[in-house]
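All remarks here apply to the structure that follows.
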Amino acid sequence: MRTLFKHGTVVTPDKTFPADLLVDGERIAAIAPDLPADGATVVDGGGTYLLPGGIDVHTHLDMPLNGIASADDFHSGHVAAAFGGTTSHIDFAIQPKGAALREALDLWHERARGKACIDYGFHMTIADPTPAVLREIARLPEWGVPSVKVLMAYKGRLQVDDATLFAVLREAARHGLLTMVHCENGDVIEILTREAVAAGNLGPKFHPLTRPAELEGEATGRAIALAAVAAAPVYIVHLTCDLALQQVRGARARGQHVWAETCPQYFFFTADDLDRPGFEGAKFVCSPPFRTTRDQEALWEGVRDGTLSVVSTDHCPFNFATEKVRGRDDFTKIPNGVPVIEDRLSVLHDAGVVAGRISLNRFVELTATNPARLFGLYPRKGALAVGADADIVLWDPKRERTLSARTHHMRVDYNLFEGMTVRGAPAGVWLRGRQIVDGDRFLGQPGTGQFLHRDRFAVELAP
Ligand code: URP
Ligand code: ZN
Ligand code: ZN
């Protein structure tokens with residue numbers, strides 16, 4: 001099947017230029033002015049931009065948590081992602097206590113089987129790092145999983161100590177993997193949380209108060225220091241605050257191999273949102289928590305000056321009426337996480353590009369190209385270039401969307417950005433040459449999304 005995009009404007013991290021783009025089968029075959037149709041299906045891209053399909057490298061679909069699971073699975077999450085212009089994502093396979101990494105990976109492959117409508121890969125979250133598990137890290141690249149994650153928070157569940165973090169960093173680096181770290185000081189959070197509960201401070205607003213920015217800044221600095229000693233590349237997930245940003249900026253200035261992501265929600269919400277009337281604040285409970293407007297400004301500076309390389313979502317939805325409500329009398333029981341997978345590109349485009357904070361080129365770099373470069377997908381994904389997968393978003397910069405649970409495709413009963421009208425949305429989306437979204441119509445098929453067997457981390461490709 002051949003498709004010719006006529007009269008579009010191609011956007012890459014480096015340039016924006018008018019061109020026709022020809023797709024042959026699953027790949028981009030040519031990008032040039034005035035390409036002949038020669039029997040290809042013609043798509044008129046007039047007035048729109050051609051962007052590489054979005055890549056979300058931080059998601060939690062169908063994630064088990066204390067007897068429930070995050071509300072989107074590999075079908076509903078994929079449909080929602082596609083409507084938002086995301087054609088690939090990387091989810092976290094989480095090692096159950098006592099399980100081998102291979103078992104965990106098999107469990108997550110099973111979750112996606114028969115459901116996937118966009119392409120997907122896995123990172124491996126190491127939760128029970130026995131010596132045998134540390135030895136198993138060497139096998140992950142051959143299974144297409146060249147990245148591991150460890151958490152410095154969630155004590156008693158996922159948190160690892162410094163010795164383990166150091167061991168994982170060293171072992172991962174030895175075998176060409178990138179280590180991702182959730183940076184919050186879980187030990188001190190545990191103390192503050194216990195004290196809050198004992199004092200009867202049980203509402204959602206105490207969630208951010210028990211996880212202050214200092215504890216993210218401290219943990220980020222510690223992870224970076226351990227990575228330096230281990231001579232390991234490190235990627236800081238969901239960075240939220242200036243204190244953590246300064247750690248990343250300093251390390252990068254010293255030439256250390258450190259990269260960091262933030263998520264769109266951290267530009268929009270503050271700790272005050274956790275104090276909305278009634279129990280509404282529970283909708284905003286995620287970790288690390290929302291910070292201050294000053295931190296938001298620092299994050300914008302971070303995406304502008306290159307300290308932040310990626311904007312992913314940490315999509316981890318829980319229904320308000322049936323799941324968030326578990327913590328009505330105790331904020332520590334509110335399942336952590338927020339729904340964002342569908343809205344990532346639109347809200348970032350509106351607050352970033354339309355508001356004049358970042359260029360459209362930087363938008364593409366943050367949401368598609370850098371994720372591909374860091375996570376072993378480039379140049380197959382994240383690029384509009386001859387030979388790349390034809391994952392294409394026909395982006396209408398003027399199309400307005402009012403974000404709402406009534407109209408979104410995420411399988412969750414609230415929208416974080418409810419009522420917000422944003423400019424910029426996909427008019428059409430193609431995955432490996434096949435159209436999966438046409439305006440408001442979904443054309444994809446469950447089971448057609450493919451597992452992304454990713455390449456090892458390559459520092460020379462990293463931003
Ligand atoms: O609150 C969040 N972010 N939940 C998902 C798990 C994590 O920490 O990334
Ligand atoms: Zn996390
Ligand atoms: Zn996460």
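Some observations on this one:
- Chymotrypsin sites (Phe, Trp or Tyr not before Pro) within the range 259-299: DSSP coil, no more than 10 neighbouring Cβ in 10 Å: none
- A Förster distance of 60 Å, applied to the separation of the beta-carbon atoms of T130 and E297, puts the FRET efficiency at 0.85.
- Building the convex hull from the alpha-carbon atoms of the range 53-379 and averaging its projection over directions returns 15.4 nm².
- Environment charge of G45, counting only residues whose C-beta is closer than 9 Å and scoring Lys/Arg +1, Asp/Glu -1: -1
- Residues I126, I68, arranged from fewest to most other Cβ atoms within 10 angstrom of their Cβ, appear as I68, I126.
- Against the empirical curve 2.2 N^0.38 Å, the C-alpha radius of gyration of the range 141-209 lands at a ratio of 1.46.
- Cβ-based net charge around E110, under 12 Å, with every Lys or Arg adding one and every Asp or Glu removing one: -1
- Placing a label point 7 Å from the Cα of S359 along the Cα-to-Cβ direction, the residues of the range 297-313 whose backbone N falls under 15 Å from that point are 304-306.
- Computed from point charges on the beta carbon alone (+1 for Lys and Arg, -1 for Asp and Glu), the dipole magnitude for the chain about its Cα centre is near 340 Debye.
- 12 Å beta-carbon shell around G281, net charge (K/R +1, D/E -1): +1
- Packing-based ranking, highest mean first, of 71-83, 409-421 given that Cβ atoms within 10 Å are counted: 71-83, 409-421
- Computed FRET value (nearest 0.05) for D438 with F268, which takes r as the C-beta separation and R₀ as 35 Å: 0.75
- Cα→Cβ-extended label distance, 7 Å offset, between V325 and D162, nm: 4.5
- Furthest towards positive pole of dipole, G278, L165, Q246, structure part the range 140-280, Cβ charges: L165
- Between G419, L431, F457, the Cα set farthest toward the positive side of the dipole of the range 407-459 (charges on each charged residue's Cβ, about the Cα centre) is that of F457.
- Taken about its Cα centre, the range 375-463 carries a charge dipole of about 80 debye when Lys and Arg each add +1 at the Cβ and Asp and Glu each add -1 at the Cβ.
- Of K155/K205; K15/K398; K149/K381; K155/K324; K155/K381, those spanning more than 29 Å from alpha-carbon to alpha-carbon: K155/K381
- Unit charges at the beta carbon, dipole of the chain: most positive-side option, G144, N66, C316: G144
- The stretch between D106 and R2, if pulled fully straight at 0.36 nm per residue, gains 33.9 nm over its current Cα-Cα span.
No value in this document is a laboratory result; all are computed from the given coordinates. All figures in this text were calculated on a predicted structure; none of them were measured in a lab. In this analysis, Cβ positions are derived from the backbone assuming ideal geometry, glycine residues included, and neighbour counts consider all displayed protein chains.
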